[in-house]
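Right, one structure below, let's go through it.
The values are calculated or read from the model by the stated rules, or taken from the named source; none is laboratory data. Note that the coordinates shown come from a computational prediction; the quantities given were computed from them, not determined experimentally. Quick reminder, even Gly has a Cβ in these numbers, built from the backbone with ideal geometry, and neighbours come from all protein chains shown.
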Amino acid sequence: MTEINVPRRNLLIGAGASTLLTLLPLKAFAQGPAAICSRAGQKIIFKGKNYLCVKSNGKLAWQILTPAKPPILIHPAQTPPPANSSPSLQPSPMTSESAKSSPAATPATSPAKITGFIAAKLSDLKEGQSKVVMVKDLKGATVGVALFLSNGVVTAHSSVCTHQGCAVGESGKQLACPCHGSVFDAKSGAVVNGPAGAPLKTFKVAEAQGDIYILADS
C-alpha cells in the first residue's frame, strides 16, 4: 500500500483551496462598501443601505445603520415605479412650476441599487436660498456641492465655475463666481451672467431620513 506523506498532503489541499478561491468571483466575498472611510461620523448609502464611519481599535471602519433600507426620495422627481415594485421609493413633491423647469423624467431607481455620499441635512437648507458645502465623496476626495431647496425639491450642482474653475459662492437664489463675475441660477445651474458659457454640472440627489445624498452615478 502506498503511504502518503501527511504534511505534503495538507500542503497540496491548502494550495488547491487557495487556487479555487482565486477562480471564484470576488463579489461573492465582498463585505460592505468599497468607499473610503476617511473620518468618523461620515455617512454614505451603499446599495440602498446606510453606513456610518466609526473609529474602532484606533482604525476607521464602516458600520451599517438601522434601519438598513430607509425610505428614499429621488430628486428631481422621477417617473413613479410600477405597481409591483418596491413601495419604499417615492417621487419628490413637485408643483406645476417646478415640473415645467425640471428635466425630462427618467425611470425610477431601485433603492437597493442607490449608492452615494452625504452632502447635508435637509434641515440645513432654507427655502429659496443657495447653500455651498465641501464634502467627501466615495473616494475620499473633497468636492464642492451647491444645494438649493425649492417647493420641497432639492437640486444639487457642482460648485466649480465652468469658466475657469473657481469656486462659486452663495448668493440667495443664485451662485456667484468671485473670480470673473459669472452668475448661475442656483436651482437649475443655468448661466445667468457670463463670461461662463456652460451651466454648472448637475448631480442626482437622494433624500433618506432627512439626509441629502449625492448619488454615485451623477
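Here is a list of conditions, (1) farther than 26 Å from Cys53 by Cβ; (2) touching a residue at least 60 places away in the same chain (Cβ under 8 Å); (3) of a type outside the set (Asp, Glu), and Lys121 meets all of them except one; can you say which number that is?
(1)
Here are Gly116, Gly189: which of them is at pLDDT below 90, in contact with a Leu (Cβ under 8 Å, 6 or more places away or on another chain) and buried (at least 19 other Cβ atoms within 10 Å of the Cβ)? First the steps, then the outcome.
On the way: Gly189 fails: at pLDDT below 90.
Every option except Gly116 fails the conditions.
Are any residues in segment 125-143 loosely packed, with under 15 Cβ neighbours inside 10 Å and either touching a helix residue (DSSP H, G or I) at 6+ places or on another chain (Cβ under 9 Å) or free of Cβ contacts under 8 Å to residues at least 40 places away in the same chain (or both), and if so, which ones?
Result: Lys126, Glu127, Met134, Ala141, Thr142.
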